[in-house]
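Below is one structure, written out as structure tokens; the observations come after it.
The values are calculated or read from the model by the stated rules, or taken from the named source; none is laboratory data. On a predicted model such as this, the values are computed, not experimentally measured, just so you know. No Cβ is skipped: glycine too gets one built from the backbone with ideal geometry, and neighbour counts run over all protein chains shown.
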Amino acid sequence: MAEVDIGRALSGLGAAFKNEMPAFIQQTRQEDALALQQSEFDRNRLLQDEALAEKRRKTMFQDAAAASSLLDSGDYRGIADLMEDRITILGPTGADTNHSNEKRTLALRASVGDQRAIGELKRLIANEVGIGYSTGILTKPEPSKPISVGAGGALFDPLTGKEIFSNPAIDKTIEKESMPLEEQMYREGIIGQMSRIRSDLDFSESIIGTANEVQMLTQALGKADLNVGERFLADRFGMRGIALAGLGPETEAAQTLINKLAPRMRPKGSGSTSDIEISMYIQSLPAFLQSSEGRQLTNLAFQAAADIEREKISNEEKYTNRDITLNEYLSASRELRSRSIFTDSMKARVNQISAGFFDGVTQARRDVIYTPINTDITLSQ
């Protein structure tokens, strides 16, 4: 049974009562025509949206197939460029480019030897290509039939008649051209630098968090009531029953605090100036916590170390997003590795509290054996 438009039926009765049926019939015909036009418009727009979505889906799998070919040849930078082009084209349309952006980031990391990124990139691309084959969007290549050319024979292009392969009667040994030693050492040096930088980043968040806790510790110790500081140590570091009165290098409280803080920092053996300085500072920490001046210096020192770590994280993001070049990234990393956490004014104040502190830092720096980055190395153009 067809549905009845109650509103229109009532309007029709009113028009009949007023002898206005011709005008009513004309109005209803116009309304029906407009409704039909709108329905056709909505249908066409839905078909267009579906066609666009299907085209984007097909393009995504075609990109995956192209990336798979580049992956087979080890061209990770080519994969990053392919994904960058796709993001540039689709971004302004409002399309979802998260998958392309993820593969671009992994490809950039893979291009500098990140094995974890290489494995994840291979997994993503293999999954997408597999889905493309299973849905029929991608066509599996026909297995090539082997062609045998005997000794002394040749293979010719059927269209041009030109020889495209020959098998000499006498075997020839073709030696693979080896990479020059200097170029090989250069590449290994770059990979080693990137590995060290990424290893340093594993500690960055811990150092930043520890710096913030030390700030709260110095504020707690600055209270008139020592119980405030003792409660902080109990809550943050699990140091219950510790008495802070007369805190000095020889006390159990001092050594316990050192043992709690030291594992949270990067070992001084990593070779960077800030790592050596902050490691030595922790060993002398009880002496600096005795006075308001020392506690202020302690907060400044740890915050300076945290600022260096924040810059390391920022530089990593800039390089991954291709906002800076590899040379710029390595140069910025070298500068951060040599940056001190102490300004000249801070050094003078530190010496007043702990004479000979920087002599110990200098000796610790001599004790650290590491290979410095060669600043003369630049990327070939």
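Side notes on the structure shown:
- Qualifying position, being touching a helix residue (DSSP H, G or I) at 6+ places or on another chain (Cβ under 9 Å), in contact (Cβ under 8 Å) with a residue 12 or more places away in the chain and not in a helix (DSSP H, G or I), among Gln290, Gln303: Gln290
- Candidates in region 314-349 are the residues that are aliphatic (A, V, I, L, M) and assigned to a loop (DSSP other than H, G, I, E, B); of these, the one that is farthest from Arg198 (Cα to Cα) is Ile341.
- Listed by position, the helices (runs of 4 or more DSSP H) contained in region 70-142 that have at least 3 residues being of a type in the set (Lys, Arg) are 98-110, 115-135.
- Any helices (runs of 4 or more DSSP H) falling wholly within region 176-262 and containing at least 3 residues that are β-branched (Val, Ile, Thr) and modelled with pLDDT of 80 or more: 181-221
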